[in-house]
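Reviewing the structure listed below.
Just so it is clear, none of the values below were taken in a lab; they were calculated from the coordinates. Note that the structure is predicted; figures quoted are calculated from it, not measured. Cβ coordinates were reconstructed from backbone atoms using ideal geometry, including for glycine residues, and neighbour counts include every protein chain displayed.
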């Protein structure tokens, strides 16, 4: 389904688009800060009154009900930072009111649900964007650029490790909680290297969660041309790890988001030779990219989408991730 939408941007006037943030939980408050820094935060919508009033005061904007935000002519879009089960209904209601919509991960439960939202956005002439934060990390974007330019040669393996001792959401296992981050990056790297997913397999383990939700999972992705993708996820680890590695025939890119900025991304060349140790004997070099805030860049991308920027790549990535998640 096409995700190219003809947007009505005439209502912005001389200012940029303004949005209401729906949900001010642990992550929502970070979104509020990012939107406020961009001059785009028009209102807070939060069912917890005390929390809502606190953030409305902090960011100098009104506290509204969801219905009030949808009726406001000065609000052009909404950012949904609520629970997964609420996303589809809230997004439909917002688009029906002519508002553009950004949905935090996990976006919706199925590809069919997301395709329905794309169709709604197209009919209403509004922007729909899904939130996969790390796609907007400057260093990860550099990974995709280098892969696309052939820096690592032919991609053979993409691995990711994400583990921490995290929060336990009663309706989300580790795959739906952590998985969208890593799967979105793996899919983006594969897209940059012109690979298409063929199969996905998963193994899950339930260690501490008493309601049957998996705490640990490993995902294996099979692709053509002898390429593999692998993601290891754990929310019961006492050590924090956030690492993506792209192996190619000519080099290896390592993106470790736990390290200082100037050490997060490095390239290791692979030399010719039969002995593996000799082939990896080359010195690694760090890749320097100016620091940037992924969340602010992501919110800026949504604002640009509201002004007419194409969301096709975003929609494709969301669909690819959902197609994996709903199968496993």
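Any idea what angle helix 294-306 forms with the longest principal axis of the chain, computed on alpha-carbon atoms, 0 to 90 degrees, nearest 10?
50
Which whole-number percent is the relative contact order of the stretch 10-130 (Cα, under 8 Å, 6+ apart)?
Values: 197 pairs, mean separation 27.0, N = 121.
The normalised contact order for the stretch 10-130 reaches 22 percent.
Is the shape of the stretch 10-130 best called rounded, prolate or oblate, per the rule: a/c under 1.5 gives rounded, else a/b larger than b/c gives prolate, else oblate, with a ≥ b ≥ c the square roots of the Cα gyration tensor eigenvalues?
It comes out oblate by the Cα gyration axes.
So what is the relative contact order for the chain, in percent, with contacts set as C-alpha pairs under 8 Å and at least six apart?
RCO, the chain: 19 percent.
Counting only helical runs of four or more DSSP H residues, what would the 222 nm mean residue ellipticity of the chain come to if each run contributes -39,500 (n - 2.57) and the total is spread over all its residues?
Numbers: 11 runs with 113 residues, N = 328.
So the helix-based figure for the chain works out to -10000 deg cm²/dmol.
Expressed as a rounded percentage, what relative contact order does the stretch 135-292 have, with Cα pairs under 8 Å and six or more residues apart?
Relative contact order here is 28 percent.
Cut-off 10 angstrom, C-alpha nodes, Gaussian network model of the chain. Which of 59, 102, 169 fluctuates the most?
Answer for the Gaussian network model of the chain: 169.
Packing-wise, with mean Cβ within 10 Å as the measure, how do 195-202, 133-140 rank, highest first?
The densest-packed peptide leads the list: 133-140, 195-202.
Among 302, 66, what is the fewest-to-most ranking by other Cβ atoms within 10 Å?
66, 302
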